[in-house]
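Worksheet: the structure to be examined is printed underneath.
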Amino acid sequence: MRTFFNVEDIGDLNKALSEAKEVKANRFGFQGLGKNKTLLMIFFNNSLRTRLSTQKAAMNLGMNVIVLDVNAGAWKLETERGVIMDGDKSEHLLEAIPVMGCYCDVIGVRSFAGLSDREYDYAETIVNQFVKYSGRPVFAMETATVHPLQAFADLITIEEHKKNSRPKVVLTWAPHCRALPQAVPNSFAQWMNAADVDFVITQPHGYELDPKFVGSARVEYDQKKALEGADFVYAKNWSCPGVENASDYGKILSKDMSWTIDAEHMSWTNDGYFMHCLPVRRGLIVTDDVIESDHSLVIPEAANREISAEVVIKRILESL
Ligand SMILES: CCC[C@H](NC(=O)CCC(=O)O)C(=O)O
Ligand SMILES: NC(=O)OP(=O)(O)O
């Protein structure tokens, strides 16, 4: 596996899920794969779970790990071509990327959407330069439009907790004080569409995700109707994806607090579980009582980030 961005990159999903189960039960059993191999993790944005879980996964596999916070220690990087670099950026990405590739065997990249230019973001302009110029396998640690390590961990968690063979999974928008990327809901939708679940997306008008991620999901604008009978409620905020109106891309169209997940919302479900990728803004996305309840899976989801990362990095090492 040379790149990991989309669900199809992991191949057969049932095989991937059984491999995750095997890795979880024997996470130090593959250390020969990573011996004398180096993972370089590059962060253009903040992180807690991805930073810790991916490093842990690589160490489980016997790898050396280097973590670089770009623009906080390295030279500020220019990402545009055709510019005169007379500002505060000392180095161009097109030199920095092949140099970074010299020091590692595998690269993970976190580079969030800029949320100002839809075409630039949805072309995955930044991370595709790592694919093109690093000479190394590259996996996403949340890029402009996808967060596959999170979605894979979420699916592992659903598999571990489902009470019937085809659970109803609902992705619901929730309000936020900032404009957030669509990467997490995009990947969650992509992976749920590929999994054997009854998948529904509910969001206010104007927040429709890109059709390539919505896929075969049912879209329901009435949140109560969507949540009725749900086995899993996956809450997340995202800014306007600019599908209905491109000029609204990256904007906050609503802060409607009736979408905040509270005990009443959970009472509409089939004794459902609450899920969120974290970090979460309590009081906006979800109430304290819901996220602290015994039906909250936010910690098991975070724990499974180590497993999803270990399966992905293992696959990449096996293909070197
Ligand atoms: C894994 C999630 C990362 C990111 N979350 C945030 O940027 C939250 C920032 C905030 O709440 O201030 C997002 O929504 O894509
Ligand atoms: N869920 C997730 O990716 O968390 P971080 O942004 O803290 O890595």
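Structure values in brief
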| item | result |
| --- | --- |
| Beta bridge orientation in the chain: antiparallel %, DSSP, nearest 5 | 0 |
| Distant-in-sequence amide H partners of Val286 (H built 1.01 Å from N, under 5 Å) | Ile261 |
| Test item: Cα-centred dipole of the chain, Lys/Arg +1 and Asp/Glu -1 on Cβ, debye | 780 |
| For region 169-178, 3J(HN,Hα) per residue [Karplus equation, 6.51 cos²θ - 1.76 cosθ + 1.60, θ = phi - 60°, Hz, x = Gly/Pro] | 10, 10, 8, 10, 5, 9, x, 8, 8, 10 |
| FRET efficiency estimate (nearest 0.05) - Cβ-Cβ, Asn164 to Val67, R0 56 angstrom | 0.85 |
| Gain on full stretching of the segment that runs from Lys76 to Asp288 - 0.36 nm per residue minus C-alpha separation | 72.4 nm |
| DSSP-assigned coil residues among GluC sites (Glu not before Pro) in region 261-306, each with at most 14 further Cβ atoms within 10 Å | Glu292 |
| Cα-derived Rg to Rh of the chain, Kirkwood definition | 0.97 |
| Loop-located chymotrypsin sites (Phe, Trp or Tyr not before Pro) in region 1-108, at most 15 other Cβ atoms within 10 Å (DSSP) | Phe28, Trp75, Tyr103 |
| Partners for Lys56 among lysines (Cα-Cα distance below 22 Å; same-chain residues under 8 apart left out) | Lys21, Lys24, Lys35, Lys37, Lys314 |
| Peptides ranked, highest mean first, by Cβ atoms within 10 Å: ranges 105-117, 148-160 | 148-160, 105-117 |
| Point-to-point label distance, Tyr103-Val219, nm (Cα→Cβ direction, 7 Å offset) | 4.4 |
| Residues of region 272-315 with amide N under 17 Å of a point placed 7 Å along Cα→Cβ from Asn46 | 277-285 |
| Whole-Å semi-axes of region 1-150's equivalent ellipsoid (Cα gyration tensor) | 29, 18, 13 |
| Mean-position separation - Cα centroids, region 248-320 and region 31-96, in angstrom | 26 |
| Spatially near lysine pairs across region 151-301, Cα under 19 Å, sequence gap of 8 or more or different chains | 9 |
| Low-density loop positions, trypsin sites (Lys or Arg not before Pro), region 1-47 - DSSP coil, at most 13 other Cβ in 10 Å | Arg2, Lys35 |
| Prolate/oblate/rounded label for region 101-158 (Cα gyration tensor, a/c 1.5) | oblate |
| Net charge over other residues, Cβ less than 15 angstrom from the Cβ of Glu228 (K, R count +1; D, E count -1) | -2 |
| Gained length - Asn245 relative to Lys35, 0.36 nm times residue gap less alpha-carbon distance | 70.6 nm |
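Bear in mind these aren't lab numbers, they're just calculated from the coordinates by the rules spelled out. Note that this is a predicted model, so its numbers are computed, not measured. With ideal geometry, Cβ positions are generated from the backbone for all residues, glycine too; neighbour counts draw on all protein chains shown.
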